[in-house]
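Visitor: I have a structure here, written as structure tokens, and I will follow up with some questions on it.
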């Protein structure tokens, strides 16, 4: 096996960056002129800062959005209106995702960077489409279909990266293959945990399948950041969780949106990751496996169930069956 196709160890590289690094810092000196990128959710929070960094390096960025006019207004307000293309897409609607991919490929021969950033978190129970649990559908199945539908453009580049945002939420639940849609006993946090585990396992299996075509895949934990992702959470719940005090002051360790975007941007662009993939990253480096004896085990490292190769393959097969799309079939 060539070095470029060798398995990447789940172990830090010593990137020189860390918890406080910003997206602008990790992309400094990197030239993305002539490179095409897509960032889902690229008009809010981490996504907006991710787009800002990619544009600063010269990338041609497309932002798919369910509310296109709102997205255009936000991007224009951020000074990005003339440099970013907004296209209609609803991650919770499989037909919408496939239609976006077809439109995109009609105008682009290749795609070098795809960042699966959009997500919902701890939302009230909702089942969409054929009965899929909404967090699993939006966070995982929508992006699964997007990547498979865009596969011709990704593989055509010969050197593409796909970055999927997971989080320490993955520690809350493995994939519940016996009841993946929470037909009974819905728990918003376990559902979120399952979706974040799915994002990580997707990166593992996509990298295994895509590396021989020059497509490498990474999962990232952006860190604790206060964004619109928390829109379903009442302040009282966040205070009880220790995220903030009664006055709304965030606890130490929370990142700014630009710091939160840094690991995504690093995974998508860092030369240090050339020939690597299939790993979970945090704080702008490859993460260590979780040290279960550490008092920080809930917040640092990646749990074994989120990088398990057998589980990753099983999830891919199930996702392909559910969505009816598999670029590798």
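Visitor: Which residue is surrounded by the fewest Cβ atoms within 10 Å (Cβ to Cβ), if the candidates are limited to the range 158-175 and must be in contact (Cβ under 8 Å) with a residue 60 or more places away in the chain and in contact with a strand residue (DSSP E or B) (Cβ under 8 Å, 6 or more places away or on another chain)? Give the derivation first.
Guide: To start, the set of residues in the range 158-175 that are in contact (Cβ under 8 Å) with a residue 60 or more places away in the chain comprises 161, 163, 165-166, 168, 170-171, 174-175.
Still in the running and in contact with a strand residue (DSSP E or B) (Cβ under 8 Å, 6 or more places away or on another chain): 161, 163, 165-166, 168, 170.
Numbers: 161: 26, 163: 25, 165: 31, 166: 28, 168: 22, 170: 27.
Result: 168.
Visitor: Further question on the same structure: Do we have any residue at all in the range 178-189 that's buried (at least 23 other Cβ atoms within 10 Å of the Cβ) and touching a residue at least 40 places away in the same chain (Cβ under 8 Å)? Break it down into steps so the answer makes sense when it comes.
Guide: Here is the first cut: in the range 178-189, the residues buried (at least 23 other Cβ atoms within 10 Å of the Cβ) are none.
Among the residues of the range 178-189, not one is buried (at least 23 other Cβ atoms within 10 Å of the Cβ) and touching a residue at least 40 places away in the same chain (Cβ under 8 Å), which makes the answer no.
Each row is one residue, and each column tells you yes or no for (1) assigned to a helix (DSSP H, G or I); (2) touching a helix residue (DSSP H, G or I) at 6+ places or on another chain (Cβ under 7 Å); (3) at pLDDT 95 or above; (4) surrounded by 15 or more Cβ atoms within 10 Å (Cβ to Cβ).
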residue	(1), (2), (3), (4)
267	yes, yes, yes, yes
281	no, yes, yes, yes
296	no, no, no, no
311	yes, yes, yes, yes
322	yes, yes, yes, yes
326	no, yes, yes, yes
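Visitor: Quick check on my filter: what residues within the range 176-185 are modelled with pLDDT of 95 or more and out of contact with any strand residue (DSSP E or B) (no Cβ under 8 Å at 6 or more places or on another chain)? Write out each step before concluding.
Guide: Of all residues in the range 176-185, those modelled with pLDDT of 95 or more come to 176-182.
The answer is 176, 177, 178, 179.
Visitor: Would a scan of the range 58-71 turn up a residue that is in a helix (DSSP H, G or I), in contact (Cβ under 8 Å) with a residue 24 or more places away in the chain and surrounded by 20 or more Cβ atoms within 10 Å (Cβ to Cβ)? Even if it seems obvious, please write down each step before you answer.
Guide: Keep residues of the range 58-71 that are in a helix (DSSP H, G or I), which gives 68-71.
Restricting the remaining residues to those that are in contact (Cβ under 8 Å) with a residue 24 or more places away in the chain gives 70-71.
From the residues that got through so far, the ones that are surrounded by 20 or more Cβ atoms within 10 Å (Cβ to Cβ) too are 71.
Yes.
Visitor: Looking at 92, 76 in this structure, which one is in contact (Cβ under 8 Å) with a residue 12 or more places away in the chain and either in a helix (DSSP H, G or I) or more than 23 Å from residue 223 (Cα to Cα) (or both)?
Guide: One residue alone meets the criteria, 92.
Visitor: So residue 202 clears everything in (1) touching a residue at least 24 places away in the same chain (Cβ under 8 Å); (2) in contact with a helix residue (DSSP H, G or I) (Cβ under 7 Å, 6 or more places away or on another chain); (3) surrounded by fewer than 21 Cβ atoms within 10 Å (Cβ to Cβ) except one condition, right? Which one?
Guide: Of the numbered conditions (1) touching a residue at least 24 places away in the same chain (Cβ under 8 Å); (2) in contact with a helix residue (DSSP H, G or I) (Cβ under 7 Å, 6 or more places away or on another chain); (3) surrounded by fewer than 21 Cβ atoms within 10 Å (Cβ to Cβ), the odd one out for residue 202 is (3).
Visitor: If we scan the range 27-34, do we find a residue that is in a helix (DSSP H, G or I), under 21 Å from the mean Cα position of the chain (by Cα) and closer than 17 Å to residue 264 by Cα? Working first, answer last.
Guide: Just the residues of the range 27-34 that are in a helix (DSSP H, G or I), to begin with: 27.
Next cut, under 21 Å from the mean Cα position of the chain (by Cα) only: 27.
Of the ones still in play, those that are also closer than 17 Å to residue 264 by Cα are 27.
Checking the range 27-34: at least one residue is in a helix (DSSP H, G or I), under 21 Å from the mean Cα position of the chain (by Cα) and closer than 17 Å to residue 264 by Cα.
Visitor: Can I ask one more? Could you check residue 150 against (1) surrounded by 23 or more Cβ atoms within 10 Å (Cβ to Cβ); (2) closer than 24 Å to residue 169 by Cβ; (3) at pLDDT 95 or above and say which number it fails?
Guide: Answer for residue 150: the failing condition is (2).
Visitor: Quick one: which of 8, 68 is farther than 25 Å from residue 109 by Cβ and touching a strand residue (DSSP E or B) at 6+ places or on another chain (Cβ under 9 Å)?
Guide: 8
Visitor: Cβ-Cβ distance below 9 Å, separation of 6 or more or different chains: which pairs start in the range 129-151 with a residue that is at positive phi and end on one that is buried (at least 24 other Cβ atoms within 10 Å of the Cβ)?
Guide: 129/94; 129/137; 129/141
Visitor: Being outside any helix (DSSP H, G or I), modelled with pLDDT of 95 or more and under 27 Å from residue 58 (Cβ atoms) narrows it down to one residue among 210, 275; which is it?
Guide: Values: 210 fails: outside any helix (DSSP H, G or I).
Every option except 275 fails the conditions.
Visitor: May I ask you to list the residues in the range 95-135 that are closer than 23 Å to residue 175 by Cα, within 21 Å of the chain's Cα centre (by Cα) and assigned to a loop (DSSP other than H, G, I, E, B)?
Guide: If the condition is that a residue be closer than 23 Å to residue 175 by Cα, within 21 Å of the chain's Cα centre (by Cα) and assigned to a loop (DSSP other than H, G, I, E, B), then 117, 118, 119, 120, 121, 122, 123 are the ones that fit.
The values are calculated or read from the model by the stated rules, or taken from the named source; none is laboratory data. Not measured: the values here are computed from a predicted model. Here the Cβ is made from the backbone with ideal geometry for all residues, glycine too, and neighbour counts use every protein chain on show.
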